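Participant: One structure, pasted below without further comment.
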Amino acid sequence: MATTANFRNGMVLEIDTTLWTITYFQHVKPGKGGAFVRTKLKNVLTGAVVDRTFRAGERVNSVRLERRPVSYSYTDGELFHFMDQETWDMIPISGDMLGKSQLKYLKENMECHGLVHDGNVLSVELPDFVELAVTDTDPGFRGDTAQGATKPATLETGAVVQVPLFVEVGDVLKIDRREDKYLTRVSG
């Protein structure tokens, strides 16, 4: 058990047998009445976000989720299948649960993190930084050295990111998938 004083971003709570992650919280002390905590909670399974208010000092059920290595194997059209690296079990996850922001960077044999509760993998998170090859981009011309100039590049998974002018087809890039941002060229 924890109280509202223990709230931190990323903390997982069990409310009415459903797991919720705290994405935002704010302690409020109004001039009149008792203090309270305003939160935004994200459902661990569905990704739905709700606003909820707790009284100051209210007790809540805190849950600890483990991270377990999983790797992406294949998709059958609806479900994406991941292999648990510890138990060798196949874990089917729906595309809606993964979310579009993660799906555009998912490729075969990619190492990911499975969130585990009571021995069951609930959801999968891709690594923050991924290395992907460029499959299509406009050619860069000699003398294109304008400071900060960029062009769109299509990666092997179909994702499109803005890259510097010197990037060519076949280059492997390191991408921050949370911000859809080019970081560096790994090989080229």
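The values are calculated or read from the model by the stated rules, or taken from the named source; none is laboratory data. Just so you know, these numbers come straight off a predicted model, no measurement behind them. In this analysis, Cβ positions are derived from the backbone assuming ideal geometry, glycine residues included, and neighbour counts consider all displayed protein chains.
Participant: Test of understanding: among G95, G114, G148, G119, which residue is of a type outside the set (F, W, Y), within 25 Å of V186 (Cβ to Cβ) and out of contact with any Gly (no Cβ under 7 Å at 6 or more places or on another chain)?
Facilitator: G148
Participant: Being of a type in the set (G, A, S), without any contact (Cβ under 8 Å) to a residue 24 or more places away in the chain and either in contact with a Pro (Cβ under 9 Å, 6 or more places away or on another chain) or over 27 Å from L65 (Cβ atoms) (or both) is the requirement here; does G170 meet it?
Facilitator: No.
Participant: I'm trying to understand the selection: among the residues of the stretch 23-45, which are within 20 Å of the chain's Cα centre (by Cα) and outside any strand (DSSP E or B)?
Facilitator: Hits for the stretch 23-45 are V44, L45.
Participant: Which residue pairs have Cβ atoms closer than 7 Å, lie 6 or more positions apart in sequence or on different chains, and pair a first residue in the stretch 156-167 that is assigned to a loop (DSSP other than H, G, I, E, B) with a second residue that is among the aromatic types (F, W, Y)?
Facilitator: These pairs meet every condition: T157/Y105; A159/Y105.
Participant: Does the stretch 37-54 hold any residues that are surrounded by 12 or more Cβ atoms within 10 Å (Cβ to Cβ), at pLDDT 90 or above and either more than 16 Å from A2 (Cα to Cα) or not hydroxyl-bearing (S, T, Y) (or both), and which are they?
Facilitator: V37, R38, K40, L41, R52, F54
Participant: Within the set of pairs 6 or more residues apart or between chains, which connect a residue that is at positive phi inside the stretch 23-47 to a residue that is surrounded by 14 or more Cβ atoms within 10 Å (Cβ to Cβ) and not in a strand (DSSP E or B) with Cβ atoms less than 9 Å apart?
Facilitator: G47/M97
Participant: When the residues of the stretch 83-107 are filtered to those that are assigned to a loop (DSSP other than H, G, I, E, B) and under 18 Å from the mean Cα position of the chain (by Cα), which remaining residue is surrounded by the fewest Cβ atoms within 10 Å (Cβ to Cβ)?
Facilitator: Checked the stretch 83-107; the qualifying residue surrounded by the fewest Cβ atoms within 10 Å (Cβ to Cβ) is G99.
Participant: Can you spot a residue in the stretch 80-101 that is farther than 26 Å from A159 by Cα and of a type in the set (G, A, S)?
Facilitator: Checked the stretch 80-101: no residue is farther than 26 Å from A159 by Cα and of a type in the set (G, A, S).
Participant: Just wondering, is there one or more residues in the stretch 62-74 that are at pLDDT below 90, under 30 Å from L106 (Cβ atoms), surrounded by 11 or more Cβ atoms within 10 Å (Cβ to Cβ) and touching a helix residue (DSSP H, G or I) at 6+ places or on another chain (Cβ under 8 Å)?
Facilitator: no
Participant: Condition first: of a type in the set (K, R) and modelled with pLDDT of 90 or more. Now tell me which residues in the stretch 149-180 satisfy that.
Facilitator: K174 - this is the single residue of the stretch 149-180 that is of a type in the set (K, R) and modelled with pLDDT of 90 or more.
Participant: State all residues of the stretch 121-148 that are surrounded by 12 or more Cβ atoms within 10 Å (Cβ to Cβ), among the small types (G, A, S) and modelled with pLDDT under 90; if no residue qualifies, say none.
Facilitator: Within the stretch 121-148, S123, G140 qualify.
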